[in-house]
Number of protein chains: 2
Amino acid sequence: MSEAEVKPGRRSIGAQRNPASEEAILKAAEAVLLENGLSGFSIEAVARRARAGKPTIYRWWPSKAALLLDVYHNHKQTHFSYADKGNVRDDLIAYLSGLFTVWRNPATGALFRSVVAEAQADPDTAAALAAYMADRRCQSSEIVKKAQARGEVRADADPEIVTELLASFAWSRLLTDRLNVNDGDIVAAVDMVLAGIAVRAA
Amino acid sequence: MSEAEVKPGRRSIGAQRNPASEEAILKAAEAVLLENGLSGFSIEAVARRARAGKPTIYRWWPSKAALLLDVYHNHKQTHFSYADKGNVRDDLIAYLSGLFTVWRNPATGALFRSVVAEAQADPDTAAALAAYMADRRCQSSEIVKKAQARGEVRADADPEIVTELLASFAWSRLLTDRLNVNDGDIVAAVDMVLAGIAVRAA
């Protein structure tokens, strides 16, 4: 990670930034999650594993949820990339089915579900999730912006709302245990947003 | 409520059905929720208030979440109805903005958020939410089926996925504290699904 990159939900640490120990903490967090599971994941356990002080961790991640979401995001990036397929339909299908695939992994799905659940009662978790999602909306909307530049998508469509609609569909499927209902629903959702459902005037 | 109606998530009780005490339990549940809040809501407290036995309550509502969702649904029905406006755009805008309005009520929004959160870890709550949502999808899809009958919506559009896409958008806004971002987003989401975002061949 370059010095210029600042991940969402993470405090700016200015001159104290130390990518090496930051990376070590992230690796320790991954290991703790793998060994102890979600219920055994804590800043304390990560600090012990990384031989770091808790203040060091809190300097970079303001909450347990912020650290969890970084581990989650690293895992997601390692296993799936939304390569530009050159046309918006394939790009959006890859985007939406990517979310389904990531969340069908029981550990990854459970992690994200637990963060969403905890965000409903815990302000720190809500803040970490909000920061993460703002970053995701910004990134994902690039798919639509590129399609607008290619002339595939109308200029008046709000790129963030397009991908938010599709991501929200995946959210509600995840949160109600319906990720495996019917893969055709993924394509159906994308085609609805692309072509609309209204009968067109002849 | 007629004898023929059976709400989702509620066990069939055959000959033991007793609408009067069922109604009394629902009213007691509403009162307990109003007085004690979500954290003080329990089957025990409802039983005490209704002077009913816990087994009587469990006969009709298999879980605390099933009872909570019935209270929630009653409240929703009392305050908002999705009257048929005669055209699909107005109907879908009323449907989606209705969800936003219901959830902007802090108590109602908090109730639904707590059920979704608890469903991520508790199987009984997950079952109650799944049953409730299956019923909602079935009911809401009528908006689209009517529009198909009027020739406004293409026959090949899946009615449940149309309203699921819009409801999911409201879910993710609720669960990330973004219900108040911009009311124009409600109309934008409906218009995307209706008209699509793809540039049409001239």
In contact with a Phe, Trp or Tyr (Cβ under 7 Å, 6 or more places away or on another chain) and not hydroxyl-bearing (Ser, Thr, Tyr): is that true of A:Ala94 in this structure?
yes
Return the pairs, sorted by first residue and then second, in which the second residue is part of a helix (DSSP H, G or I) and β-branched (Val, Ile, Thr), the first residue lies in the stretch A:105-132 and is under 15 Å from A:Arg173 (Cα atoms) and within 10 Å of chain B (Cβ to nearest Cβ), the beta carbons are less than 7 Å apart, and the residues are 6+ apart or on different chains.
none
Residue under question is A:Asn87, and the condition is that it be more than 16 Å from the chain's Cα centre (by Cα) and either touching a residue at least 60 places away in the same chain (Cβ under 8 Å) or at the interface with chain B (Cβ under 8 Å from one of its Cβ atoms) (or both); does it hold?
yes
Are any residues in the stretch A:64-81 hydroxyl-bearing (Ser, Thr, Tyr) and crowded, with 17+ Cβ neighbours inside 10 Å, and if so, which ones?
A:Tyr72
Within the stretch A:83-99, count every residue that is surrounded by 16 or more Cβ atoms within 10 Å (Cβ to Cβ) and not hydrophobic (A, V, I, L, M, F, W, C).
5
Filtering the stretch B:145-157 down to residues that are facing another protein chain (nearest Cβ under 8 Å) and surrounded by fewer than 19 Cβ atoms within 10 Å (Cβ to Cβ) yields B:Gly151, B:Glu152, B:Arg154
Could you list, ordered by first residue, the pairs with Cβ atoms under 6 Å in which the first is in the stretch B:168-193 and facing another protein chain (nearest Cβ under 9 Å) and the second is of a type in the set (D, E, K, R), at least 6 apart or interchain?
B:Ala188/A:Asp158
With A:Leu111, A:Leu92, A:Leu38 as the choices, which residue is of a type outside the set (S, T, N, Q), more than 13 Å from A:Ile25 (Cα to Cα) and either at pLDDT below 95 or not assigned by TED's automatic domain parsing to the domain that holds A:Asn180 (or both)?
A:Leu38
Quick one: A:Asn105 ticks every box in (1) at pLDDT 95 or above; (2) under 26 Å from B:Pro123 (Cα atoms) bar one, so which box is it?
(1)
Checked B:Glu142, B:Glu164 against criteria (within 8 Å of another protein chain (Cβ to nearest Cβ) and charged (D, E, K, R)); the one match is B:Glu164
Unmet requirement for B:Ile161, which otherwise passes all of (1) touching a residue at least 40 places away in the same chain (Cβ under 8 Å); (2) under 27 Å from A:Val115 (Cβ atoms); (3) β-branched (Val, Ile, Thr):
(1)
Matching residues in the stretch A:90-125 - criterion: being under 14 Å from the mean Cα position of the chain (by Cα) and aliphatic (A, V, I, L, M):
A:Leu96, A:Leu99, A:Val102, A:Ala110, A:Leu111, A:Val115, A:Val116
Mind listing whichever residues of the stretch B:38-74 are of a type in the set (Gly, Ala, Ser), within 15 Å of B:Ala110 (Cβ to Cβ) and touching a residue at least 60 places away in the same chain (Cβ under 8 Å)?
B:Ala65
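The values are calculated or read from the model by the stated rules, or taken from the named source; none is laboratory data. Predicted model only: the values in this text are computed from it and were never measured. Glycine also receives a Cβ, built like all others from the backbone with ideal geometry; neighbour counts cover every protein chain displayed.
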